[in-house]
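Trainee: Got a structure for you, questions after.
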Amino acid sequence: MDLWIIRALLLAAVVAGGYFIRPFGADIRLALICSGVLGIIVILAEMRIRRLSVKTLLGAAVGSVLGIIGASLISIVIGRMNFVHPQTETFLQLVVLVVMAYVGLIAGANKGEYIDLTVLEGVLTDSPGRKSTKVLDTSVVIDGRIADICTTGFLEGTLIVPHFVLRELQQIADSADSAKRNRGRRGLDVLEKIKSIPGVNVQLIEKDYPDVKEVDLKLIELAKEMGAKIVTNDFNLNKVSQLRGVDVLNINELANALKPVVLPGETMKVFILKEGKEYNQGVAYLDDGTMVVVDNARRMIGKTIATQVTSVLQTTAGKMIFGRFPEETENGSGYSSRQDRRSYDRMPSNQRNGVDDERERVKGR
């Protein structure tokens, strides 16, 4: 609202200047129309320039200055030519100036993204190094783990919460779906918790991109403009940001990196929670959600056992650990008790062959 008041005052000043000065001896009506059109053009140009990044503006300025310098050199050559009409010389110099300035402006704006502003650190800022800035995504705010990370002090710099992210959180919090409503309110509570953490600087900015509809693309544009990193746990946003040249801090990748490392041959204690998909398997879970599949542990469901790790498998869904219950055999037969042996002996031959094949497959894993 304040910006529109300033624009209105600018337009009024330009119109008043045209009314009192009356350039080129124009009458009052023509002076008012021309000055009003000029003021509107200036305001539209200002609105367009506000959407450009600092690199684009700097590139456009440098390009236009170089274009004007080139036009001045060409004008010197034109001035030494003998023209029959002096107006021709003036017209050519004016055309060269406008064309060179325009070409330099457009070329500099298009190549502005290649400018490295890091060389200006310490000159444009009070501190010798620029503080790192991070833009928070909606998903990472709702997730809530960002608050715990901020509490530990591992995130430094300024945390940026754009207005469109806050608006999306409010829309989720006002949803008719109770699950979405709870997630939105949780996100708002997490923001309040982050703001109350000592040493954490959180800024709410009203920067928006009306031409961009999706919130993820707005985050990417804002991060590019500010030279910031995006904090998220969204897999798709992570990939798109990397393709667009924006650095990403993924909370899920951090959690995977902090999972405990186990090696084949080590022994670990686990609580067998349920039966596995394969014959005589038990399944357990670590505190971080990692699945542990233990062979020969079906009869130990509901108990805590010590299992020996045989292999570790890393998948796209996470890490899986395979182990074997050490107390598995009696005389190398592959059975945990005499009762299991008697049950095996009473099986029909076709079922016994299937069990033998499954046992050999499990051993060979």
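The values are calculated or read from the model by the stated rules, or taken from the named source; none is laboratory data. Since this is a predicted model, take the numbers as computed values, not measurements. Cβ sites come from the backbone with ideal geometry, for glycine too, and all protein chains shown count toward neighbours.
Trainee: Across the stretch 254-301, what is the total count of residues that are touching a Lys or Arg at 6+ places or on another chain (Cβ under 8 Å) and free of Cβ contacts under 8 Å to residues at least 12 places away in the same chain?
Mentor: 1
Trainee: Which number in (1) surrounded by 13 or more Cβ atoms within 10 Å (Cβ to Cβ); (2) over 17 Å from the mean Cα position of the chain (by Cα); (3) in a helix (DSSP H, G or I) marks the one condition that S175 misses?
Mentor: In the conditions (1) surrounded by 13 or more Cβ atoms within 10 Å (Cβ to Cβ); (2) over 17 Å from the mean Cα position of the chain (by Cα); (3) in a helix (DSSP H, G or I), S175 misses (3) alone.
Trainee: Within the stretch 95-102, can one find any residue that is in a helix (DSSP H, G or I) and of a type in the set (F, W, Y)?
Mentor: Yes, the stretch 95-102 contains a residue that is in a helix (DSSP H, G or I) and of a type in the set (F, W, Y).
Trainee: Looking for whichever is over 18 Å from L159 (Cβ atoms), among the polar types (S, T, N, Q), surrounded by 18 or more Cβ atoms within 10 Å (Cβ to Cβ) and out of contact with any strand residue (DSSP E or B) (no Cβ under 6 Å at 6 or more places or on another chain) here; the options are N252, N280. Which one fits?
Mentor: N280
Trainee: Taking the criterion of being more than 28 Å from V212 (Cβ to Cβ), outside the structural domain of G227 (by TED's automatic domain parsing) and charged (D, E, K, R), would at least one residue in the stretch 47-57 satisfy it?
Mentor: The answer is no, given that none of the residues of the stretch 47-57 is more than 28 Å from V212 (Cβ to Cβ), outside the structural domain of G227 (by TED's automatic domain parsing) and charged (D, E, K, R).
Trainee: Residue by residue through the stretch 162-172, note down the ones that are touching a residue at least 24 places away in the same chain (Cβ under 8 Å) and either assigned to a helix (DSSP H, G or I) or surrounded by fewer than 17 Cβ atoms within 10 Å (Cβ to Cβ) (or both).
Mentor: H163, F164, V165, L166, E168, L169, I172
Conditions (1) at pLDDT below 90; (2) loosely packed, with under 15 Cβ neighbours inside 10 Å; (3) touching a Pro at 6+ places or on another chain (Cβ under 6 Å); (4) within 23 Å of S132 (Cβ to Cβ), marked per residue:
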{"site": "T152", "(1), (2), (3), (4)": "yes, yes, no, yes"}
{"site": "I194", "(1), (2), (3), (4)": "no, no, no, yes"}
{"site": "N201", "(1), (2), (3), (4)": "yes, yes, no, yes"}
{"site": "Y209", "(1), (2), (3), (4)": "yes, no, no, yes"}
{"site": "L219", "(1), (2), (3), (4)": "no, no, no, yes"}
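Trainee: Of (1) at pLDDT below 90; (2) hydrophobic (A, V, I, L, M, F, W, C); (3) surrounded by fewer than 17 Cβ atoms within 10 Å (Cβ to Cβ), F271 satisfies all except one. Which?
Mentor: Going through (1) at pLDDT below 90; (2) hydrophobic (A, V, I, L, M, F, W, C); (3) surrounded by fewer than 17 Cβ atoms within 10 Å (Cβ to Cβ) one by one, F271 breaks only (1).
Trainee: Given the structure, is K180 surrounded by 13 or more Cβ atoms within 10 Å (Cβ to Cβ), out of contact with any strand residue (DSSP E or B) (no Cβ under 7 Å at 6 or more places or on another chain), of a type outside the set (A, V, I, L, M, F, W, C) and over 24 Å from L57 (Cα atoms)?
Mentor: Considered against the rule, which asks whether it is surrounded by 13 or more Cβ atoms within 10 Å (Cβ to Cβ), out of contact with any strand residue (DSSP E or B) (no Cβ under 7 Å at 6 or more places or on another chain), of a type outside the set (A, V, I, L, M, F, W, C) and over 24 Å from L57 (Cα atoms), K180 comes out as yes.
Trainee: Right, here's the next one. I'm told G17 meets every condition in (1) within 30 Å of R7 (Cα to Cα); (2) buried (at least 16 other Cβ atoms within 10 Å of the Cβ); (3) of a type in the set (G, A, S) except one. Can you identify the failing condition by its number?
Mentor: Here G17 meets the rest and fails (2).
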